[in-house]
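**Student:** Pasting in a structure now, in structure tokens, and then I'll have a few things to ask.
Just so it is clear, none of the values below were taken in a lab; they were calculated from the coordinates. None of these values were measured; they are calculated from a predicted model. A quick note on method: Cβ atoms are made from the backbone with ideal geometry, for glycine too, and the neighbour counts reach across all protein chains shown.
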């Protein structure tokens, strides 16, 4: 994570209207290191055009950082930074304490956003199942890898079942295995389903199983070559 902090000569968080510089911090484990120093100033008598020009020149220096910390920021500066995609934080506490606080709150916000997004996807899928039971499974079928005629597909069951625990591996896989011509299916799951070996024999398919430490299990599924008539 990167956070830009506006500080004075003593390295304390200060007002954007005061003299100072921007320190671009990057987090490395539990340590915050200064990635670069950025010169920046907004004078009290600057008009909107001058402020906009100063910010437009400064924001690219932030690289991919979109968090800006200062003691206080003028309304127009705050608004322009928000328009440029930079989230502003205001605090007068110790610098490194505030960096930790911002990082924690931003991570919590990201986790909550991801949780809300998963809940929304589950809700949409439930609504689709109520309207059309087949449409939801069409949406979550394996994805093609490479060219349209490659016959190579991939499916991450771990992610799908985390997003919607109401789904099950049978309903996702069997329609694909029995109804879609394919050369290879790369499957990732947290465990091999109990029905899997029986289905492979019945469908005349091979599966190479590999353990993925910390991730689960991978299975490479391929149809057995068909004997040619003589």
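**Student:** How many Å³ per residue does the convex hull of the Cα positions in the chain occupy? Write down the numbers at each step before the final one.
**Tutor:** Working: hull volume 45.8 nm³, N = 230.
Expressed per residue, the convex hull around the Cα atoms of the chain is 199 Å³.
**Student:** Can you put 92, 52 in order, fewest other beta carbons within 10 Å first?
**Tutor:** Listing 92, 52 from fewest to most nearby Cβ atoms yields 92, 52.
**Student:** Using a ≥ b ≥ c from the Cα gyration tensor of the range 65-128 (square roots of the eigenvalues), is it rounded, prolate or oblate, where a/c under 1.5 gives rounded and otherwise the larger of a/b and b/c decides, a/b for prolate? Spell out each step's value before the answer.
**Tutor:** On the way: a/c = 4.44, a/b = 1.93, b/c = 2.30.
Oblate, because a/c is 1.5 or more while a/b does not exceed b/c.
**Student:** Specify whether the C-alpha gyration tensor of the range 1-64 places it in the rounded, prolate or oblate class, a ≥ b ≥ c being the square roots of the eigenvalues: rounded for a/c under 1.5, otherwise prolate if a/b is larger than b/c and oblate if not. It would help to have the intermediate numbers written out before the result.
**Tutor:** Numbers: a/c = 3.33, a/b = 1.65, b/c = 2.02.
Verdict is oblate for the range 1-64.
**Student:** How much of the DSSP beta bridge set in the chain is antiparallel, as a percent to the nearest 5? All intermediate terms of the calculation are to be shown ahead of the outcome.
**Tutor:** Values: 30 of 41 bridges.
Antiparallel bridges: around 75 percent, rounded to the nearest 5.
**Student:** Give me the angle, in degrees from 0 to 90, between the Cα long axis of helix 95-131 and the longest principal axis of the Cα atoms of the chain, rounded to the nearest 10.
**Tutor:** 40 degrees
**Student:** If I fit a long axis through the Cα atoms of helix 169-179 and take the longest principal axis of the Cα atoms of the chain, what angle between them do I get, 0 to 90°, rounded to 10?
**Tutor:** Between the helix axis and the principal axis of the chain, the angle is about 60 degrees.
**Student:** Still on this model: Going by a ≥ b ≥ c, the root eigenvalues of the Cα gyration tensor, does the range 140-223 fall in the rounded group (a/c under 1.5), the prolate group (a/b larger than b/c) or the oblate group? Mind dumping the intermediate values first?
**Tutor:** Numbers: a/c = 1.33, a/b = 1.21, b/c = 1.10.
It comes out rounded by the Cα gyration axes.
**Student:** Further, regarding this structure: Report the residue, chosen from 53, 218, 117, that carries the largest GNM mean-square fluctuation when the chain is represented by alpha-carbon nodes joined by springs under 10 Å.
**Tutor:** 53
**Student:** Same structure again: Sum -39500 (n - 2.57) across every DSSP H segment of at least 4 residues in the chain, then divide by the residue count to get the 222 nm mean residue ellipticity, nearest 500. Write down the numbers at each step before the final one.
**Tutor:** On the way: 7 runs with 89 residues, N = 230.
Counting only the DSSP helices, I get -12000 deg cm²/dmol.
**Student:** Among 64, 164, 18, rank each residue by its count of other Cβ atoms within 10 Å, from fewest to most, as a rough exposure measure. Mind showing how you got there, number by number?
**Tutor:** Numbers: 64 5, 164 20, 18 15.
Lowest to highest Cβ neighbour count: 64, 18, 164.
**Student:** Within a 10 angstrom radius of the beta carbon, how do 38, 3, 220 rank from fewest other beta carbons to most? Write out the running numbers ahead of the final one.
**Tutor:** Values: 38 16, 3 24, 220 13.
Listing 38, 3, 220 from fewest to most nearby Cβ atoms yields 220, 38, 3.
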